[in-house]
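Heads up, the thing below is written out as structure tokens.
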């Protein structure tokens, strides 16, 4: 079972795997240190684990008064342990309601700031966000997204070819960060960028792409969003509250990440027509720099538009809803298209197509 692990020593969330070892809960971070050992580890007696509802879908697990905790999916935890909601510790009792009432009154002014002022100032805030802070936001968001959309672990050579394509397309782009392209598992066709330079492409999109040029067009478009600061604008506009909370608490309580996840819906960002047009134009320039034709971008846009109304290809609606005006944009990409070399070799393209096939259930 996947989870987020906070070891109580630092504010950093560690993506982790949780298992039962007899009557003990063992959580081990996926990241390893230089010696090959997990960077973080918890080993708790199951009987002493406190479960608190964090929201409708996740629990916050802790042990007594310690600072270490686990954030887990409720259903996955119940399947793993056999526990039901009757074990959950209800936090709001007695005098706590008076404290909550006082905090609610004090928080109204904060809410007005983060939900009204911050979104209105999204564009300048995006320009002024320090790279280090943006990178931290991105890491927090990535950890949350991976709980629902795990990274594909099929062909490692395919993952390497995908990453190399992203790096090549980003050459000459002023992204402030190295671009990292990941294939993730999700039941819909989409691609999206996170603050800090991570671009995620769903396995359904890779399956729907007919050529490496089509995939390159999608990735170039997302890189352009990163370069033009559109991603940070969207994050501030739709998740300003979460970003402010995350900056204030340093990610330690998880409040910031959860607000980000709920408010921004990162896998379904909707940019304005103006910003999408900017990303298309810049994406075609990035393709041209690598001598890749934008015809692939046009072909993919055309096909997604054609399939939007096709009930047999429901996943296409996800792409279309977050990337509007597909027909007009495909026409512009066609008009700008010129001959070029393939974005990937035939061998690398086969590897990329296989990167998510291991364990794929469709």
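Quick notes on this structure:
- Any hit, region 153-175, residues being surrounded by fewer than 21 Cβ atoms within 10 Å (Cβ to Cβ), closer than 27 Å to residue 74 by Cα and modelled with pLDDT under 90: yes
- The lone exception for residue 37 - which of (1) free of Cβ contacts under 8 Å to residues at least 12 places away in the same chain; (2) closer than 15 Å to residue 143 by Cβ it fails: (2)
- Here residue 267 fits the description: in contact with a strand residue (DSSP E or B) (Cβ under 7 Å, 6 or more places away or on another chain), closer than 19 Å to residue 202 by Cβ and at pLDDT below 85.
The values are calculated or read from the model by the stated rules, or taken from the named source; none is laboratory data. If you're wondering where the values come from, they're calculated on a predicted model, not measured in any experiment. Glycine gets a Cβ as well: all are built from the backbone with ideal geometry, and neighbour counts include every protein chain shown.
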